[in-house]
1. Only one of 70, 55 is open to solvent by less than 60 Å² (accessible area, probe 1.4 Å) and either without any contact (Cβ under 8 Å) to a residue 12 or more places away in the chain or more than 30 Å from residue 145 (Cβ to Cβ) (or both). Can you tell me which?
2. Any chance you could count how many residues in segment 84-102 are surrounded by 17 or more Cβ atoms within 10 Å (Cβ to Cβ) and more than 14 Å from residue 74 (Cα to Cα)?
3. Return yes when residue 109 is surrounded by 15 or more Cβ atoms within 10 Å (Cβ to Cβ), at pLDDT below 95 and farther than 18 Å from residue 39 by Cβ and no when it is not.
4. Just give me the residues in segment 126-145 being in a loop (DSSP other than H, G, I, E, B) and open to solvent by 70 Å² or more (accessible area, probe 1.4 Å), in sequence order.
5. If you go through segment 111-125 one residue at a time, do you hit one that is part of a strand (DSSP E or B) and out of contact with any Gly (no Cβ under 6 Å at 6 or more places or on another chain)?
6. Could you list all residues from segment 96-147 that are more than 18 Å from residue 44 (Cα to Cα) and among the aliphatic types (A, V, I, L, M)?
7. Which one of 61, 93, 101 is touching a Phe, Trp or Tyr at 6+ places or on another chain (Cβ under 9 Å), in contact (Cβ under 8 Å) with a residue 40 or more places away in the chain and not in a helix (DSSP H, G or I)?
8. Which residues, counting only those in segment 30-48, are within 11 Å of the chain's Cα centre (by Cα) and either open to solvent by less than 60 Å² (accessible area, probe 1.4 Å) or of a type in the set (Phe, Trp, Tyr) (or both)?
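The values are calculated or read from the model by the stated rules, or taken from the named source; none is laboratory data. All of these numbers come straight from a predicted model, not from anything done at the bench. In this analysis, Cβ positions are derived from the backbone assuming ideal geometry, glycine residues included, and neighbour counts consider all displayed protein chains. Side chains included, ligands, DNA and RNA excluded: accessible areas come from the protein's heavy atoms. Shrake-Rupley method; radii C 1.70, N 1.55, O 1.52, S 1.80 Å.
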Amino acid sequence: MSINVEISNMEIKDLDLISNNLNTDFDDFWNYNIFKSELENGNSKYLVAKIGDKIVGFAGIIPILNEADISNIVVHKDFRNKKIGSYLLQNLINLASSLNIEIINLEVRESNIPAIHLYEKYGFERKAIRKGYYNGIDGILMERNNE
């Protein structure tokens, strides 16, 4: 089954649309105010995935000189396992290329096996363990050469 996902730059109005169910439908990762300040930060770049007018995911990247950190890739709980995370990740990689980013970094919970497999599929390699990074759960630092 193929779904028609549209990826575009995320705006404050997109955040406002999901603000009431940010923690219930997308996971408890950031609160509204922290996320809003990230969107307003001129350096951070966020993408949103929509099916029709429904927001089904979002992802962010923070460029720093010739490197970038992926801050998050989040898919609505009802739309997981439909390749939306892949679409978002591929678009972040393309965005990084357009910004002349050479290295992309990210952290992922060591228990998040589906995400680790996704990142490895797109060329990310495990570089280090961050002990207790996620409230006592170890994180894996992964890196992708984007040249």
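1. Of 70, 55, the one residue that is open to solvent by less than 60 Å² (accessible area, probe 1.4 Å) and either without any contact (Cβ under 8 Å) to a residue 12 or more places away in the chain or more than 30 Å from residue 145 (Cβ to Cβ) (or both) is 55.
2. 4
3. yes
4. 135
5. There is at least one residue in segment 111-125 that is part of a strand (DSSP E or B) and out of contact with any Gly (no Cβ under 6 Å at 6 or more places or on another chain).
6. 108, 113, 115, 116, 118, 128, 129, 137, 140, 141, 142
7. Matching residue, one of 61, 93, 101: 61.
8. Step one: of segment 30-48, the residues within 11 Å of the chain's Cα centre (by Cα) are 45-48.
Within segment 30-48, 46, 47, 48 meet the criteria.
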